Amino acid sequence: GHGKQGGGATQRQQDLRAEVWRCTSKTRGFRRHDRRMLWITGGRLHICEKGSMTAVKSAVDLARDVSSCQVLPGKMLSLHMRRVSRGEEEYKAYFFEFPDPALAEQFHAEMARGTRKE
């Protein structure tokens, strides 16, 4: 048999964080809107207040509130969220531009794991 040491890929990442640009979608491409700190922990995506590293504006339950998440060309992650306010369902789309494509992929993988319905 062979021991399983140094299996970096199998190690569960507790906290995934990134400073991203929140973008708005244009007819062609995207426009940077503001900088946001994002992190994922405990099955939730935390989106910080504009310009803050720690003040959380919204904590999104991945399993319940995220309807889809896709990696787009150019280090972009698109996120569709379902929110219920006053009994009305509303859908919001967010576009985040990451510092590098690998990080966008990591976030996507983590969210996909979180949103998978058991």
Residues (under 17 Å from LEU16 (Cα atoms) and either basic (Lys, Arg) or under 10 Å from the mean Cα position of the chain (by Cα) (or both)) located in the stretch 79-97: LEU79, PHE96
Could you pull out the residue among THR27, THR41 that is over 22 Å from ARG113 (Cα atoms) and either of a type in the set (D, E, K, R) or without any contact (Cβ under 8 Å) to a residue 60 or more places away in the chain (or both)? THR27
When VAL71 is run through (1) modelled with pLDDT under 95; (2) touching a His at 6+ places or on another chain (Cβ under 7 Å), the failure sits at (1)
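The values are calculated or read from the model by the stated rules, or taken from the named source; none is laboratory data. Predicted model, so just to flag it, every value in this text is computed and none were measured. When we count neighbours, we look across all protein chains shown, and the Cβ atoms used for this are built from the backbone with ideal geometry, even at glycine.
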